[in-house]
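Structure, as structure tokens:
The values are calculated or read from the model by the stated rules, or taken from the named source; none is laboratory data. All values derive from a computational prediction rather than experimental measurement. Here the Cβ positions follow ideal geometry from the backbone for every residue, glycine too, while neighbour counts run over all protein chains shown. These accessible areas exclude ligands, DNA and RNA; they are computed on the full protein's heavy atoms, side chains included. Shrake-Rupley method; radii C 1.70, N 1.55, O 1.52, S 1.80 Å.
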Amino acid sequence: MSQHLLLILLSLLFTVFSNPISASQIIQKFKEAPQFYNSADCPIIDPGDDDDDVSAKPIFCSRRAVHVAMTLDAAYIRGSVAAVLSVLQHSSCPENIVFHFVASASADASSLRSTVSASFPYLEFKVYVFNVSSVSRLISSSIRSALDCPLNYARSYLADLLPPCVRRVVYLDSDLILVDDIAKLAATDLGRDTVLAAPEYCNANFTSYFTSAFWSNPTLSLTFADRKACYFNTGVMVIDLSRWREGEYTARIEDWMAMQKRMRIYELGSLPPFLLVFAGLIKPVNHRWNQHGLGGDNFRGLCRDLHPGPVSLLHWSGKGKPWARLDAGRPCPLDALWSPYDLLQTPFALDS
């Protein structure tokens, strides 16, 4: 190694360790993804597709587009970038996908927007600012502090945040990748009046998501009396936003959160209110669309394997995230399936 190169390396290391902000900026640089193109049989999106908002680009209101909603923040930006790449890479009509990113009002939305644009110059997307004060007053502490982040609750406010012309959206967490065409998931038949679709897990112990105070209360315990309620993971959902708005489901979720503030009826952050409103009333989706729990055991950090059956989406829900385990040199076997989508650009490279 030349003396000049060694001095540059030492200077960079000094900057990283003496200035945390600069370190964060260096770490969060990503490579540009390749551009992906539609196949010949993809539907053409033109201004006639929707007449609700003629001022917007047609794709942002088009019913022919696949609308994907995700949250966006500095802590999970690496996962978000990988998730976007996986969606585009496995889509037969990637140019017909529009992303709706929700960022906290306290975040640097401009920087997040620039990061996405740099990696995906041709991506159709918007960033919406979520005023977390609207939900912060309703959040109760949970058994995992990470679950108390107000941005975790943004999925309950998509109908308010996204334009009224967006009628259906696929919501995705930032810690997952797709290995199948998202258009298949987006086309899930919701029937005549169903609001939400997601993979159900009826073998899970549903009662464990609520406290004894909930089940011992005669009025509260009747909530699920006429519903075959099953656990579902809210990290992958197909939502009819028009029906959500008509049914005022955000207010219903908030009512349960207000109840939680008065008497502790659950322990796990933003999931139980969704279960209280929707469990037993959703359209079940094949489990291949949410192979969840790959983040491992929340208490011991144990690695987990895939559920039996085919795979269309891998979800590192749970405490362990693949990028953190890979960086620490302690990856789980399935983290190798996430790494090909990692666009992180190392701050410097040394020739041997």
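A few notes on this one:
- Among the criteria (1) open to solvent by less than 20 Å² (accessible area, probe 1.4 Å); (2) assigned to a loop (DSSP other than H, G, I, E, B); (3) within 20 Å of Ala197 (Cα to Cα); (4) of a type in the set (A, V, I, L, M, F, W, C), the one Leu281 does not fulfil is (1).
- In segment 330-341, the condition of being farther than 17 Å from Ile77 by Cβ, in a loop (DSSP other than H, G, I, E, B) and open to solvent by less than 60 Å² (accessible area, probe 1.4 Å) is met by at least one residue.
For every residue, the table says whether it meets (1) outside any loop (DSSP other than H, G, I, E, B); (2) over 25 Å from Asn217 (Cα atoms); (3) within 19 Å of the chain's Cα centre (by Cα); (4) touching a residue at least 60 places away in the same chain (Cβ under 8 Å).
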position	(1), (2), (3), (4)
Thr250	yes, no, yes, yes
Asp255	yes, no, no, no
Gln260	yes, no, no, yes
Gly269	no, no, yes, yes
Pro273	yes, no, yes, yes
Val277	yes, no, no, no
Arg288	yes, yes, yes, yes
Gly296	no, yes, yes, no
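- Residue satisfying all of: in segment 33-58; buried (at least 19 other Cβ atoms within 10 Å of the Cβ) and at pLDDT 95 or above; farthest from Tyr341 (Cα to Cα) among these: Phe36
- Any hit, segment 155-162, residues being among the aromatic types (Phe, Trp, Tyr), in contact with a Ser or Thr (Cβ under 8 Å, 6 or more places away or on another chain) and either buried (at least 22 other Cβ atoms within 10 Å of the Cβ) or assigned to a strand (DSSP E or B) (or both): no
- Filter pass, Ala183 being closer than 21 Å to Pro94 by Cα, aliphatic (A, V, I, L, M) and without any contact (Cβ under 8 Å) to a residue 24 or more places away in the chain: no
- Tally, over segment 201-243, of residues that are within 26 Å of Pro164 (Cα to Cα), in a helix (DSSP H, G or I) and open to solvent by 10 Å² or more (accessible area, probe 1.4 Å): 2
- Considering segment 180-200, and only residues there that are in a helix (DSSP H, G or I) and in contact with a helix residue (DSSP H, G or I) (Cβ under 7 Å, 6 or more places away or on another chain), the residue that is nearest to Leu85 (Cα to Cα) turns out to be Ile182.
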